[in-house]
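The values are calculated or read from the model by the stated rules, or taken from the named source; none is laboratory data. Owing to the predicted nature of the structure, the values given are computational and were not obtained by experimental measurement. Glycine gets a Cβ as well: all are built from the backbone with ideal geometry, and neighbour counts include every protein chain shown.
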Amino acid sequence: MGLYDRDYTQENFQSQFRHAPQMRIGFPRPSSVVRYLLIINLAIFAIALIVKPLGAVIYGLFELDANSVPRALQLWRLITYQFLHASLTHILFNMLGLYFLGPTLERHWGSKRFLKFYLGCGAAGGIFYLLLVAVGFLPAGVMVGASGAILGMLAACAILFPHFVVFLLFFPIPIRVAAVAFTIFYLFAVIGRAANAGGDAAHLAGMAAGAVYVFWPKWRNKLKSKADSSRGQQQMRNQQNLQVELDRILEKVHEKGISSLTRKEKKILKEATKTEQMRDKL
């Protein structure tokens, strides 16, 4: 996977998302978290490849294992399985994706937030796979790889940087086209229970987690605005109802005197008087 950007190098380009960094043509310089993630992934793969007995122990302890309930409930595996890979091509494509997509997101969000995002997308992929196994949709097995996290980054970049272009097999493809194509492919693979349906389920969930993470602040603000508006309208209705009741009480006092009021009516009148006095002081 490679990438370049068509419009972010133009000074007058304005991203639809505030504070989105400009992207430059060329190979990105690995940011701090991306650099450590690359080193850890490659080192573990090399150790497991060279010292096979040790590799077997590492994979046995840290891969995501849905074959038994106790191992499936070992929550650390949702994180550790992301640092294990099944083959040279598996780790190569994942690390290329991390190298090209990661630095932009890390510089955009900051290292701490990026790491949480990265691991969260990968964990989302693992959880979705375990759920599909738990309901009997997919057969139990083991899972390794950072693909869920990588596809989460792809989805995030597609939303944040729509003019971003990725190279797949040396062909330049707009990142949003790539994201949609991957989504459709993984969806059909999972529904059709293809050979790697478990991995594709993790890919799909990672992409969904990445998209939700980017959109969540906007959704949260809309929900908060809607809730505030609804609360304000309710307060206005309550105030109008109170005013109607207060007018009725005052009319009753005018006609029959204050002694004719019930305890509840006297309380409403007293609270209304107190509120009016406080307004006068302000």
**Report entry** Where a residue in the range 237-255 is in the same structural domain as Ile268 (by TED's automatic domain parsing) and its partner, wherever it lies, is of a type outside the set (S, T, N, Q), with Cβ under 6 Å and at least six apart
**Finding:** Leu246/Ala272; Ile249/Glu265; Ile249/Leu269
Query raised in the report: Only one residue in Phe137, Phe182 is among the aromatic types (Phe, Trp, Tyr) and in a helix (DSSP H, G or I). Which one?
Result: Phe182
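Here is a yes/no grid of residues against (1) in contact with a strand residue (DSSP E or B) (Cβ under 8 Å, 6 or more places away or on another chain); (2) at pLDDT 95 or above:
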position	(1), (2)
Phe114	no, yes
Ala123	no, yes
Tyr129	yes, yes
Ala140	no, no
Ala149	no, yes
Ile173	yes, no
Phe182	no, no
Leu187	no, no
Ala197	no, no
Query raised in the report: Which of the residues that make up the range 164-187 are closer than 15 Å to Phe100 by Cα and of a type outside the set (A, V, I, L, M, F, W, C)?
Result: Pro172, Pro174
**Report entry** Conditions (1) closer than 23 Å to Phe128 by Cβ; (2) in a helix (DSSP H, G or I): number failed by Leu96
**Finding:** (1)
**Report entry** Scope the range 20-36; condition modelled with pLDDT of 50 or more and surrounded by fewer than 15 Cβ atoms within 10 Å (Cβ to Cβ); matching residues
**Finding:** Gly26, Phe27, Arg29, Ser32, Tyr36
